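Colleague: Once you've had a glance at the structure underneath, I'll fire off some questions.
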Amino acid sequence: MVRSIAKVEFFDMVKILDKIAHADKIASSRSLTRFSVLAYICIDSLILIAVFFHLSSFLMFPDAVIPLNRWKYCLLFSSITFIMMVCFNVYRIMWSRAQAVNYAMLFVSCVLGSAVSSSIVLYMYAVEADTIIVFSVAFCLVAFSSLLLLRTVRHLIREVFYYIDSEIIRNKSDTVRTLVYGTDIGSIAFRRELVRNATRNKRIIVGLIDDSIARKGLYIGMTPVFGAFDDIEGIVLRTKADMIVLTSKMPDEKFASIKTACERLGIRVSLFKCEEEEILLK
């Protein structure tokens, strides 16, 4: 395992650091992305150690114990959990594009790491079974929650910057107040692009339009769903919108009526596509 990590991760990190040290500037974010793997390894190790000592202080070791024994148990739990994470390719996952199966792999690695460590402790050391079982379950859940938080904090930070940026430019004269037609995957992709370009946007989403009656009055994030397009005049008057972005598929007749309504209201309209199109080969 160490040989594999040294070859794949640490060796590449050294090359990246050397490139950064001898370059005038970083050409792209790829170097920082690969460098983040090493950061994940270091921070994960610290998280596992911190979780162990925090839980052991009142679950497994309520009384004073020799510090060496506590470190022995700590290294056992943290190292085996780390080995399981390596075996499940946790450090090869692009967490900004993670799917449910990737989070499941992280959870399984924590479960197996905790279970194997507990089994070794029960076999080699004089620890009560009930105590180690409770500690094992707690360690698994807290470690997984902490590791998951570390991998989602980047997205949360982007969301925070997006909301701050939206509030800053909300009342500027050159800000384009945008209504989004649709609440499906297309609208999510469009909003994701705005979040990724936070601090460089000139547009803010002031509301969502959806023909589903059940979704009217609900919120997606901090953005309200105003209702069907039939109420577009009232919605534009209420939000002071400058344009509409269409993110849902619709019949040609509906598309034509939307264009006509936007021309009448004097607002711009654009089409955001998120679909597959087959390329015809000769």
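The values are calculated or read from the model by the stated rules, or taken from the named source; none is laboratory data. All values derive from a computational prediction rather than experimental measurement. We place every Cβ from the backbone using ideal geometry, glycine too, and count neighbours over all the protein chains shown. Surface accessibility is based on the protein's heavy atoms, side chains included, excluding ligands, DNA and RNA. Shrake-Rupley method; radii C 1.70, N 1.55, O 1.52, S 1.80 Å.
Colleague: Being within 14 Å of A241 (Cα to Cα) and either open to solvent by less than 60 Å² (accessible area, probe 1.4 Å) or outside any helix (DSSP H, G or I) (or both) is the filter here, so list the residues in the stretch 252-269 that pass it.
Modeller: Answer for the stretch 252-269, where residues must be within 14 Å of A241 (Cα to Cα) and either open to solvent by less than 60 Å² (accessible area, probe 1.4 Å) or outside any helix (DSSP H, G or I) (or both): A261, C262, L265, G266, I267, R268, V269.
Colleague: Condition first: open to solvent by less than 70 Å² (accessible area, probe 1.4 Å) and polar (S, T, N, Q). Now tell me which residues in the stretch 70-100 satisfy that.
Modeller: Selection gives S78, S79, T81, S96.
Colleague: Could you tell me whether D242 is surrounded by 13 or more Cβ atoms within 10 Å (Cβ to Cβ), of a type in the set (D, E, K, R), farther than 14 Å from D184 by Cα and touching a residue at least 60 places away in the same chain (Cβ under 8 Å)?
Modeller: yes
Colleague: Pairs only if they're at least six apart or on different chains, beta carbon under 9 angstrom, first in the stretch 262-282 and touching a residue at least 12 places away in the same chain (Cβ under 8 Å) and over 12 Å from Y181 (Cα atoms), second part of a strand (DSSP E or B) and open to solvent by 100 Å² or more (accessible area, probe 1.4 Å); list them, first residue then second.
Modeller: Cβ pairs passing all conditions: C262/R268.
Colleague: Just checking, does the stretch 118-126 include any residue being touching a helix residue (DSSP H, G or I) at 6+ places or on another chain (Cβ under 7 Å) and hydroxyl-bearing (S, T, Y)?
Modeller: Within the stretch 118-126 (the criterion being touching a helix residue (DSSP H, G or I) at 6+ places or on another chain (Cβ under 7 Å) and hydroxyl-bearing (S, T, Y)), the answer is yes, since at least one residue qualifies.
Colleague: Still on this structure, please answer the following. Which members of the stretch 82-110 meet the condition of being touching a Phe, Trp or Tyr at 6+ places or on another chain (Cβ under 8 Å) and under 22 Å from L55 (Cβ atoms)?
Modeller: Going through the stretch 82-110, the residues touching a Phe, Trp or Tyr at 6+ places or on another chain (Cβ under 8 Å) turn out to be 85, 91, 102, 105-110.
The answer is M85, L106, F107, V108, S109, C110.
Colleague: Kindly establish whether S56 is polar (S, T, N, Q), part of a helix (DSSP H, G or I), modelled with pLDDT under 70 and open to solvent by less than 40 Å² (accessible area, probe 1.4 Å).
Modeller: So S56 fails the test.
Colleague: Is it the case that some residue within the stretch 251-261 is under 23 Å from the mean Cα position of the chain (by Cα) and either acidic (D, E) or farther than 20 Å from V160 by Cβ (or both)?
Modeller: No: the stretch 251-261 contains no residue that is under 23 Å from the mean Cα position of the chain (by Cα) and either acidic (D, E) or farther than 20 Å from V160 by Cβ (or both).
Colleague: What number of residues within the stretch 101-128 satisfy the criterion of being open to solvent by 80 Å² or more (accessible area, probe 1.4 Å) and of a type in the set (G, A, S)?
Modeller: 1
Colleague: Identify, from the list I164, I169, I213, I188, the residue that is without any contact (Cβ under 8 Å) to a residue 60 or more places away in the chain, hydrophobic (A, V, I, L, M, F, W, C) and open to solvent by less than 30 Å² (accessible area, probe 1.4 Å).
Modeller: Selected residue: I169, the only one of I164, I169, I213, I188 that is without any contact (Cβ under 8 Å) to a residue 60 or more places away in the chain, hydrophobic (A, V, I, L, M, F, W, C) and open to solvent by less than 30 Å² (accessible area, probe 1.4 Å).
Colleague: While we're on this one: Can you tell which of L281, L179, L208, L265 is farther than 26 Å from V160 by Cβ, at pLDDT 85 or above and not charged (D, E, K, R)? Can you show your working first?
Modeller: Numbers: L281 fails: at pLDDT 85 or above; L179 fails: farther than 26 Å from V160 by Cβ; L208 fails: farther than 26 Å from V160 by Cβ.
Unique residue meeting the criteria: L265.
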